[in-house]
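Worksheet for the structure shown next.
Every number in this text was worked out from the coordinates using simple rules, so none of it is lab data. These numbers were taken from a predicted model, which means no experiment stands behind them. All Cβ positions, even for glycine, are placed from backbone atoms using ideal geometry, and neighbour counts span all protein chains on display.
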Amino acid sequence: MSGFFGVVSKKDCVTDVYFGTDYHSHLGTSTGGMAFWNGKSFNRSIHYIESTPFRTKFESELPRMQGNMGIGCISDTEPQPLTVRSHLGQYAISTVGRINNMYEIVEKSFTHRNIHFLETSKGTINPTEFVSVIIDQENSFRDGLLKAQELIEGSCSILLLTPKGIYACRDKLGRTPLLLGEKEGAFCVSFESCTFANLGYRFKYELGPGEIIFLTEEGFEIVKPAEDKMKICAFLWVYYGYPSSTYEGMNVEVMRHRNGAAMAKNDNENIDLVAGIPDSGVGHAIGYSNQSKVPYGRPFIKYTPTWARSFMPQDQNIRNLVARMKLMPIPELISDKRLLFCDDSIVRGTQLRETVDLLYKCHAREIHIRSACPPLVFGCKYLNFSASRSDMDLVARKAIIELEGKEPESFEAYCDPANEKYDCMVNCIRKHLNFSTLKYQNIYDMLDAIGLDKNKVCTYCWNGKE
C-alpha cells in the first residue's frame, strides 16, 4: 500500500508536509519522499525506509528545504514523488493505487516514437512515471488527469504539484480515500484524516469517487465532479486504516468496536480473557470484550522500540522472524488460561501459527481465534496492499485445494457461511494452525459495522464479486 499528503500555504509548509507524510508510515514499507516548490524550483528528496523510520531519514534535511507548497509520499513500491519537466511545465507527482493494464498501455504508447520509460534495477517501470507520461500527452493537467482516469484499470489516486497549486485526484471508484483539511492560511490533502488534528487542520471536504480538485493558498475549486459509483475498500476499516482516521463518515476504531461486538453476539465460547493481536486486532477485541463482558487483557506485549512494524522488511522470512521476536509473552496471564484472540484477518496464517505456538509453550489451556473479517479466498487485484500475495499463499485457498484435491471451478460455496463446505474449510484451517476453535466474522455483520451502503464497499477479497 502507499499513502500521501500535500499542503498549500501562505507560509512555509515544510514542517506540515514532513509530519503529515510521516503519519502515513503505517501504509508503506519501501520508500519515503517529499517535494516542495520554493517559488523558483522544485526541491525533492527520497530515501529508503525498509529498516529506518521516515522521520529519521529526513530530519537532517529539513533546514535546507523550503516552500509554501509541497507533497510527500510513503510508498510500498516505487520511489516517489517524481519531478517532471514537460510541455505542460514543471511539476511533481505522487500516486497511490495499482495499475493492472500498465504494460498494455505502454506497448500502445510505443507507437509514438518519442515515448520512453526508465526501468528500475528489477526491470520494471515506475508506475508514477507511467502516469506522468499519460498526463504529458494531453494539452493541460486537467485533460491529462482525465485521460489517466479513463485509461487506468485498477485504481490510481494522484497528487500533482505545480507552481500554481496542487491537483488532487481520487481514483475513479474511490477505492482509497482522499480528504481535504484547512486551517488559517493553509489547506492540506491527505489519504489519512488522522493527520489533521495535531497539525492544526480541520476536516473540510472529502473527495468523491473520481473527483478532481485544484488547491491554492486561497481555496479550492472542483475541476471534475465526483462520480456516483463507489467501491471503497473494506480493509480500510478492518485492517490498514489508522484507528483515528475517518472515511466516508465512519471512524476506523468505532467500526472495529462495532465489529468486535457483533462477533461476540454470535459467540458463546467459555473463556477467561479476550485479547487483540496487535495492533489492528486490538479495536476488534475491545468491542468483543465490552459486548461479552469477558475481561480484556494483554497476554503478550509488542516490543516497538526497534521493531515498530512486522511488515517493514521486504523479505517474507525476515518479516515472520520480526513478527515473532517482537511479541513478548506474559506467562502469568497465559498459564492455564482459556484465551480468545481477535485478529484483523488471517492471510497466510504463518505469523499467527507461530504466535499460538508461543502461547502454548507458556502453558495456555485453550486458544480461540476470531478473525474480524471473512476468510480471504481471493488476492486483491485493485490495491497494492496485497499485490505481492499469490492466491495460492492464502491459507483459505490452500484449505480449499486440500479438501477438493484440486482448485474447484467455483469458490462460491466456500464463501457462503451457511454452506457445509465453508465449515469444512474453516475446520481445515483450524487444524492446520493449531487453534482450539476458529470463527470468522460474516460478511453481513462486517458491512453493517462499516455502516455504508453495501453496494459502495468492495468485498472482492472475500467473495470474488467486483
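Structure notes:
- An oblate overall shape is assigned to segment 139-207, the ratio a/c of its alpha-carbon gyration tensor axes (a ≥ b ≥ c) being 1.5 or greater and a/b not exceeding b/c.
- Legend: calculated FRET efficiency, Asp279 to Glu150, from the Cβ-Cβ distance at R0 = 51 Å, rounded to 0.05, equals 0.85.
- Here segment 247-263 is scanned for amide nitrogen atoms under 20 Å from the site 7 Å beyond the Cα of Tyr205 along Cα-to-Cβ, giving 247-250.
- A simple rule links phi to the HN-Hα coupling: the Karplus curve 6.51 cos²θ - 1.76 cosθ + 1.60 with θ = phi - 60°, which for segment 6-17 gives x, 9, 10, 8, 7, 10, 4, 10, 4, 4, 4, 5 Hz, with x for Gly and Pro.
- Angle in degrees between helix 141-151 and the longest Cα principal axis of the chain, rounded to the nearest 10: 40
- Extension gain (nm, one decimal) between Arg55 and Ile222, 0.36 nm per residue minus Cα-Cα: 56.8 nm
- C-alpha long axis of helix 252-265 to longest principal axis of the chain, angle in °: 20
- Going from the residue with the fewest nearby Cβ atoms within 10 Å to the one with the most, Asp171, Asp76, Asp453, Asp343 rank Asp453, Asp76, Asp343, Asp171.
- Label-point separation, Asn434 to Ser410 (7 Å along Cα→Cβ), nm: 3.8
- On the beta carbon distance between Lys183 and Asn290, with R0 = 41 Å, the FRET formula returns roughly 0.70.
- Relative to the dominant Cα principal axis of the chain, helix 127-136 is inclined by about 30°.
- Remark: spin-label model distance Tyr444-Arg85 equals 6.2 nm, labels positioned 7 Å along the Cα→Cβ axis.
- In terms of surrounding Cβ atoms within a 10 Å radius of their Cβ, Cys428, Cys342 rank from fewest to most as Cys428, Cys342.
- Interchain or long-range residues, amide H under 5 Å from Val223's placed H: Ile212, Ile213, Phe214
- Integer Hz, Karplus 6.51/-1.76/1.60 couplings in order for segment 425-431, x for Gly and Pro: 4, 4, 5, 5, 5, 4, 5
- The residues His47, His368, when put in order of fewest to most other Cβ atoms within 10 Å, stand as His47, His368.
- When shorter helices are ignored and each DSSP H run of at least 4 residues is given -39500 (n - 2.57), the per-residue value for the chain at 222 nm works out to -8000 deg cm²/dmol.
- Listed residue pairs exceeding 23 Å between alpha carbons, taken from Lys293/Lys439; Lys224/Lys456; Lys302/Lys431: Lys302/Lys431
- Modelled this way, with points 7 Å down the Cα-to-C-beta line, the labels at Asn100 and Arg348 are 2.4 nm from one another.
- Of the trypsin sites (Lys or Arg not before Pro) in segment 399-430, those whose Cβ has at most 10 other Cβ within 10 Å and which sit in DSSP loop: Lys406
- Cα-based radius of gyration for segment 2-228, normalised by 2.2 N^0.38 Å, reads 0.94.
- Whether segment 247-463 is rounded, prolate or oblate, judged on the alpha carbon gyration tensor where a/c under 1.5 counts as rounded: rounded
- Separation between Cα centres of segment 353-410 and segment 1-60, rounded to whole Å: 35
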